[in-house]
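Peer 1: Just passing along the structure, written as structure tokens.
The values are calculated or read from the model by the stated rules, or taken from the named source; none is laboratory data. Just so you know, these numbers come straight off a predicted model, no measurement behind them. Neighbour counts run over all protein chains shown; Cβ positions are idealised from the backbone, glycine included. Surface areas here come from the heavy atoms of the whole protein model, side chains and all, with no ligands, DNA or RNA. Shrake-Rupley method; radii C 1.70, N 1.55, O 1.52, S 1.80 Å.
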Amino acid sequence: MWFFENIKNKIVGNPVTFALDVVLTALLIYGIIAFLKKNNAVRLVLYILPFTLIGVVLSSPKLDMLVSGKILSYTVVFAILAVVLLFPQETKRGLLKLASPKDTHEAYATEYAVSDDVLHHTISEIVRASQNMAKKNVGALIVITTQEVPEHILESGTKLDSILSCALLESIFNTKAPLHDGAVFVRGNRIVAAGCFLPLSQSTTIDKELGTRHRAAIGVTENYNVLTIIVSEETGVISTAQHGRINRYYDSQMLTEKLEQAYGLKAVKGGKNRKKEG
């Protein structure tokens, strides 16, 4: 009865503080349950809730159980720590999502069948291949997608579903290879298809010195939420296109950062900075 008497006293004494306390507690519990449900670990709630209730009871000053009551009264803290330790990858993505603009949240919500370490390795392979092709003035067009690729675009090329590697990318874009003229679609750590044809941008603001490959790279980003990497065979310049805007003269560090953002491995800068691109 002490618990309900205490609640009654708080309601009468300071109703605003009590209401705020209830709302914050409810939001915290809801957040934990929603996170666990999203990661198929909702059964952990069956263990967390009983410990929470036991903690509330044992923390009563009337029972005078100082040690066990104090430990169990911090059950929610332990639950949060457990979630962070059990789901470090998902927790990190959640924090990066909060730190990034809303129009980039899809990247952080995308689920891949591989770990973040594998994605980092994939990024390094893409960067290395881009740099190697740039040095040899080998043209390339790589599309990084977080969503399902439209079937009509995939059917315009050759479906591969192969694990991405630097050597494989360079082989595809070799000028003597049959698929070198089209675009490569990449999702996660896999090359979905190669030799794909993309819609050309009809924008009149594109620099006239940019050719068909660059127009195709911009065109696909006008229609779909993807990131494209372009290597110019005339100049060897590495560029990226996203949201219908193109940015040129990328070095390895800049390209790595851009890819980490596209894969949801790094927070995107604020909206004002992003609008300056292009």
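Peer 1: Residue by residue through the stretch 202-209, which ³J(HN,Hα) values in whole Hz follow from phi under the Karplus form 6.51 cos²θ - 1.76 cosθ + 1.60 (θ = phi - 60°), with glycine and proline marked x?
Peer 2: 9, 5, 8, 8, 6, 4, 5, 6
Peer 1: Leaving out ligands and nucleic acids, note down the accessible area per residue over the stretch 122-175 with a 1.4 angstrom probe, in whole Å².
Peer 2: Per residue, the stretch 122-175 has an accessible area of 44 Å².
Peer 1: Further question: So which of 135/258; 208/266; 135/176 end up more than 24 Å apart by C-alpha? Walk me through the intermediate numbers first.
Peer 2: Values: 135/258 20 Å; 208/266 33 Å; 135/176 17 Å.
With Cα atoms farther than 24 Å apart: 208/266.
Peer 1: Place the peptides 240-250, 201-211 in order of packing, highest mean first, counting for every residue the other Cβ atoms within 10 Å and averaging per peptide.
Peer 2: Ranked from most to least packed, the peptides come out as 240-250, 201-211.
Peer 1: Which residues' amide hydrogens lie under 5 Å from the amide hydrogen of residue 193, considering only partners 5 or more residues apart or on another chain, with H built in the peptide plane?
Peer 2: 160, 161, 185
Peer 1: Here's another thing I want to ask about it. Report ³J(HN,Hα) in whole Hz for each residue of the stretch 129-139, in order, from the Karplus equation J = 6.51 cos²θ - 1.76 cosθ + 1.60 where θ = phi - 60°; Gly and Pro get x.
Peer 2: Taking θ as phi minus 60°, the curve returns 5, 4, 5, 4, 5, 5, 5, 9, 6, 9, x Hz for the stretch 129-139.
Peer 1: Let me ask something additional. Determine ³J(HN,Hα), in whole Hz, for all residues of the stretch 239-245 in sequence, where each value follows from phi through the Karplus function 6.51 cos²θ - 1.76 cosθ + 1.60 and θ = phi - 60°; x replaces Gly and Pro.
Peer 2: Karplus-based 3J(HN,Hα) across the stretch 239-245 equals 10, 10, 10, 7, 6, x, 10 Hz.
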